[in-house]
Amino acid sequence: MAREKIEKPVVLLVDNVTKHFGSVKAVDGVTLTIREGEAVALLGPNGAGKTTLLEMIEGLQKPDAGAIEVCGLGYAEHEAQIRELMGLAFQETRFPEKVKVREALELFGAFYRVPSTRIDEILQLVSLKEKSQAYVNTLSGGQRQRLALGIAIIQKPRILLLDEPTTGLDPHARRDLWRILNDLKAQGMTLLLTTHYMEEAEELCERIVIQFAGKLLADGSLHELIEKHASHEIIEFRLKRNAPKELKALQEMKKVSHFQFEIDSLTGVMHVERAATILPEFTRKIGKTNLEAFSARPLTLDDLFIKMTGRHLQ
């Protein structure tokens, strides 16, 4: 007899939320539910409405319509309680120059009445134990961001909101932060992450939400999104010369879900279910003598984003 799946508690509920700035609808009827222990990536280019949505979730802005609840609580009556349930980590956090790492943690820890043992736990978790007596202004960019993350989780929040936390960091510092976030996930922390990095979303989050022009276009795991919105492989090719008639024939082929050709570079992209099955027809239609280069690869999150929005994320 199959066991009934028990759904975890809802940590964040965004219900049909809208926000205008003059004539611009920055967030347009967004509904989003995040349950305990989920790690969700919110993807979208600049101007998609991600930051506005996050600021409303954080309580920094009020929606024009709709409702937001954190662990079943609304801001109108429970703002102080919500602050304790939520951790915030931004793209950049500024600290007083003449404050030491441990002092910064103790200062923010005092707001939540955390014991000194929690400060020790945070220093260990964010790999700053050896820097505990260093002044914050002597830290590298990656170390400062790890300190900011430590402050964000000092009260053991129910949900951690991260707004592009690794933008501007070098690859090594970025991976250090990923390691810490994966440790937090293993401990059951709920994450909502906005990012411009596809590999970051794939590394940290099992669920991906795509936002564009104020609306949510897609929501699911990478596998689910590819199954629902795109085919499974990409064909990329380059021609020796433009061939409008042959290109039109390619575009009209069966099982081609997306076709794009750049005349300036003579390069093309096709989304197909299986590249191997259409390769003979492809070479027959385009002609071997006009084919400069050809490759086939699996579909990526970036490919999916381009197909859905018509532009790169970055």
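What follows is calculated from the coordinates using simple rules that are stated; it is not laboratory data. Treat the numbers as computed from the prediction; the structure is a model and nothing was measured. Reconstructed Cβ throughout: ideal geometry from the backbone, glycine too, with neighbour counts over all protein chains shown.
Counting only GluC sites (Glu not before Pro) that DSSP places in a loop and that have at most 11 other Cβ atoms within 10 Å, the longest clean stretch of the chain runs over 98-251. If I take all pairs of Cα atoms in segment 10-226, what percentage of them are more than 31 Å from each other? Of all Cα-Cα pairs in segment 10-226, 20 percent lie more than 31 Å apart.
Once the C-beta distance of SER265 and THR33 is scaled by a Förster radius of 45 Å, the resulting FRET efficiency is 0.60 to the nearest 0.05.
Rounded to the nearest 20, the Cβ-based charge dipole of segment 10-226 about its Cα centre (Lys and Arg +1, Asp and Glu -1) stands at 560 debye. When only the Cβ of Lys, Arg, Asp and Glu is charged (+1, +1, -1, -1), the dipole of segment 231-298 relative to its Cα centre reaches about 260 debye. Under the simplified labelling scheme, the ARG297-PHE111 pair shows an inter-label distance of 4.3 nm, with each label point 7 Å from Cα along Cα→Cβ.
Highest GNM mean-square fluctuation among LEU43, LEU192, LEU139, for the chain modelled with Cα contacts below 10 Å: LEU139. Radius of gyration over Kirkwood radius for segment 1-67, both on Cα atoms: the Rg/Rh ratio is 1.10. Hey, what D do you get for segment 231-298 in µm²/s if you plug the Kirkwood alpha-carbon radius into Stokes-Einstein at 20 °C and 1.002 mPa s? Rounded, D is 182 µm²/s. Among THR195, THR277, THR289, the residue with the largest mean-square fluctuation in a Gaussian network model of the chain, with springs joining Cα atoms closer than 10 Å, is THR289.
For ARG238, ARG146, ARG174, what ranking results if the residue with the fewest other Cβ atoms within 10 Å of its Cβ goes first? Walk me through the numbers on the way to the answer.
Details: ARG238 14, ARG146 24, ARG174 20.
In increasing order of surrounding Cβ atoms, one gets ARG238, ARG174, ARG146.
For segment 183-314, the average shadow cast by the Cα convex hull is 9.5 nm², which is a quarter of the hull's surface. Computed from backbone phi, the HN-Hα couplings of segment 171-185 come to x, 5, 5, 4, 6, 4, 5, 4, 4, 5, 5, 5, 4, 5, 4 Hz, rounded to whole numbers (Karplus: 6.51 cos²θ - 1.76 cosθ + 1.60, θ = phi - 60°; Gly and Pro given as x).
Only sites in a loop by DSSP and with at most 16 other Cβ atoms within 10 Å count here; which trypsin sites (Lys or Arg not before Pro) in segment 5-47 make the cut? Before the final figure, lay out each step's value.
Values: sites: LYS5, LYS19, LYS25, ARG35; in loops: LYS5.
Those that pass, being in a loop and sparsely packed, are LYS5.
Across segment 173-214, the residues whose backbone nitrogen lies under 16 Å from the label position 7 Å along the beta-carbon direction of GLU130 are 173, 176. Specify which residue in the list SER132, THR166, ALA275 is farthest towards the positive end of the charge dipole of the chain, using unit charges on the beta carbon of Lys, Arg (+1) and Asp, Glu (-1), about the Cα centre. After comparing all options, I get ALA275.
Please work out the C-alpha center-to-center distance from segment 162-194 to segment 26-77 and express it in whole Å. Answer, in whole Å: 20.
Look at the dipole of the chain built from charges on Cβ: of THR33, LEU123, PRO244, the Cα furthest out on the positive end belongs to PRO244.
Just the number, please: percent antiparallel of the DSSP beta bridges in the chain, rounded to the nearest 5. Write down the numbers at each step before the final one.
On the way: 40 of 58 bridges.
So the antiparallel bridges amount to about 70 percent of the total.
GNM remark for the chain: springs join alpha carbons under 10 Å apart, and the peak mean-square fluctuation among ALA26, ALA39, ALA80 falls on ALA80. Mean projected area of the Cα convex hull of segment 110-179, taken over all directions, amounts to 5.2 nm².
Fully extending the segment from SER221 to ARG175 would add 14.4 nm, taking 0.36 nm per residue of separation and subtracting the current Cα-Cα distance. Its Kirkwood hydrodynamic radius, worked out from the mean inverse distance over all distinct Cα pairs, puts segment 59-152 at 14.8 Å.
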